[in-house]
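The structure under discussion appears below in the form of structure tokens.
The values are calculated or read from the model by the stated rules, or taken from the named source; none is laboratory data. Source: prediction; values computed, not measured. All Cβ positions, even for glycine, are placed from backbone atoms using ideal geometry, and neighbour counts span all protein chains on display.
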Amino acid sequence: MPNSPDDASELRPRAKRGRWALALVLLVVAGASGSWWVTRDSSGDNAQAQRRAALRASSDAAAAANGVGLTPRQPGIVTVGGAKADALELTASADPKAQFALWSQRLARAEDVLENYRKQTIYPFESRPAREHADQMYPNRPVTEERRLTNPGQKPSAAVRIRTSQERIYVVGNETVLFTVSALDWNGNTLPLAVTRATAEDPPLDGKPSKRNSVALAFNDEGANGDLVAGDGVVSVRLSPETQGFGGHAGTIRVSVYLKVGEETGFAFFDIFYTPNPPAVWAASNVAREAVEAGSLNFYLKAQVREAGRYVVTGRIDDAKGQPFALVSFNDEVTVGPREFRLNLFGKLLVDEKPNFPLTLRDVDAFLLKPDVDPDRALMPRLQGKVLVSKSYPLTAFSEAEWNSEERERYLAEYGRDVESARAHLEHIRKTMGQ
């Protein structure tokens, strides 16, 4: 499958990933794909446990690399880890000066962990700076790839490269997707290309055969069926899953393309993820509104929910200059009926970053999360392009307060106890040394 930019870095992320990776140098809400939403499934307690485990594991891994483990524990039980730390521990057991050096290191590390955690959680998970999510800011760009012509199990061609593109990966209802293929030499010159066979099918899953017959696709370079320019060497086809045999299929559809360039042959394939019947649809008009509430700027998106469950909604915010400013999200249980999804642009983020108003909400995507089943989601239609342009506000309209929650307070307290434990132990050693 072509390399996938933005939100398409993985076609089918699983429902049991960590919410975010947090280490000594914390990059909050990692991506990919890595995406914090996937653990906030229907089991809130389980999700909290997973987030705690992920947080502790990542902190341990980072600290262990430096010889010190500082996971929140009972006060005074701050342990070391790794060969370097084991050597320090052994030396410190017999040498007060080495013990002092060891606990000085532990104190510094504990202070770093506490301060880094505090800094990286001043904004909520659902409202983050765009720079933390550069790969998710343009989800509707075509997916493109360039590689050598090859067949599975054979050596790649020494003279021919294949350039492919697909218009989108996530497809809903009556949406269509355009695929293109072209052949190039190593100087970038277009080579004559023939598609000997192309099909779309429901690929085998877990060793089970496809449930549907494959559908033949007619790639062409004649300016028809999606081909933009006749005779330019780029062959194209437009797939409409709804009308080409996949109207009742939910999940992956694979397009396989068999190629011939001169005397050489090759193979390429594309995957899309298809939802035939969306679980919710956006309002036909006046889909979005804004409101300044509790020191933040909230965007509300109106939808008619057909199927209850946990919905994940993501929107992008640009400043007045068209520069990406923030990624905002909604992640919660929703009942059937007319509903509003709230996308919160946190007040302190606005105060700290000082964007130029008005702000633009754009490129919103959403899905119903279905944990422990395949497919693991049902897509809503995307709101592509501009959704709402905000009013202009003075920064004094927004709060400078840091985000807070029971979970954040608990972690700050736990990390704080590690600092106090290390500090007290160090002070005890200093006194025994007569300093």
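Please go through the range 144-176 and pick out each residue that is farther than 30 Å from residue 278 by Cβ and assigned to a strand (DSSP E or B). Lay out the reasoning, then the answer.
We begin by selecting, within the range 144-176, every residue farther than 30 Å from residue 278 by Cβ; these are 146-163.
146, 147, 148, 161, 162, 163 - these are the residues of the range 144-176 that are farther than 30 Å from residue 278 by Cβ and assigned to a strand (DSSP E or B).
Exactly one condition in (1) more than 21 Å from the chain's Cα centre (by Cα); (2) of a type outside the set (Asp, Glu); (3) outside any loop (DSSP other than H, G, I, E, B); (4) closer than 30 Å to residue 189 by Cβ is not met by residue 114; state its number.
(4)
Just checking, how many residues over the range 209-243 are at pLDDT below 95, polar (S, T, N, Q) and touching a strand residue (DSSP E or B) at 6+ places or on another chain (Cβ under 7 Å)?
Residues in the range 209-243 being at pLDDT below 95, polar (S, T, N, Q) and touching a strand residue (DSSP E or B) at 6+ places or on another chain (Cβ under 7 Å): 3 in total.
If you check 173, 188, which single one turns out to be in contact (Cβ under 8 Å) with a residue 40 or more places away in the chain and outside the structural domain of residue 329 (by TED's automatic domain parsing)? Steps first, please.
Working: 188 fails: in contact (Cβ under 8 Å) with a residue 40 or more places away in the chain.
That would be 173, the only listed residue that is in contact (Cβ under 8 Å) with a residue 40 or more places away in the chain and outside the structural domain of residue 329 (by TED's automatic domain parsing).
Within the range 158-198, which residues are among the aliphatic types (A, V, I, L, M) and buried (at least 18 other Cβ atoms within 10 Å of the Cβ)?
Initially, the range 158-198 is screened for residues among the aliphatic types (A, V, I, L, M), giving 158-160, 162, 169, 171-172, 177-178, 181, 183-184, 191, 193-195, 198.
Matches in the range 158-198: 160, 162, 169, 171, 172, 177, 181, 183, 184, 193, 195, 198.
Restricting to the range 217-236, what's the tally of residues that are assigned to a loop (DSSP other than H, G, I, E, B), under 18 Å from residue 256 (Cα atoms) and of a type in the set (Val, Ile, Thr)?
Selection size over the range 217-236: 1.
Residue 281 - would you say it is part of a strand (DSSP E or B), crowded, with 19+ Cβ neighbours inside 10 Å and out of contact with any Cys (no Cβ under 8 Å at 6 or more places or on another chain)? Before you say what the answer is, go through the steps one by one.
Working: part of a strand (DSSP E or B): yes; crowded, with 19+ Cβ neighbours inside 10 Å: no; out of contact with any Cys (no Cβ under 8 Å at 6 or more places or on another chain): yes.
For residue 281, the condition - part of a strand (DSSP E or B), crowded, with 19+ Cβ neighbours inside 10 Å and out of contact with any Cys (no Cβ under 8 Å at 6 or more places or on another chain) - is not met.
Quick one: in the range 350-396, of everything that is loosely packed, with under 14 Cβ neighbours inside 10 Å and part of a strand (DSSP E or B), which residue is farthest from the chain's Cα centre (by Cα)?
Applying the filter and picking the extreme gives 386.
Out of (1) surrounded by 14 or more Cβ atoms within 10 Å (Cβ to Cβ); (2) closer than 30 Å to residue 403 by Cβ, what's the single condition that is false for residue 289?
(1)
Considering only residues of the range 397-435 that are more than 30 Å from residue 364 (Cβ to Cβ) and small (Gly, Ala, Ser), which is surrounded by the fewest Cβ atoms within 10 Å (Cβ to Cβ)? Talk me through it step by step, then tell me what you get.
Our first condition is that a residue be more than 30 Å from residue 364 (Cβ to Cβ); within the range 397-435, this holds for 409-435.
When the remaining residues are screened for being small (Gly, Ala, Ser), the result is 413, 416, 421-422, 424, 434.
On the way: 413: 10, 416: 17, 421: 20, 422: 24, 424: 14, 434: 6.
Residue satisfying both the conditions and the ranking: 434.
Let me confirm something: among 275, 265, 335, which residue is of a type in the set (S, T, N, Q), buried (at least 17 other Cβ atoms within 10 Å of the Cβ) and modelled with pLDDT of 95 or more?
On the way: 265 fails: buried (at least 17 other Cβ atoms within 10 Å of the Cβ); 335 fails: buried (at least 17 other Cβ atoms within 10 Å of the Cβ).
The conditions single out 275.
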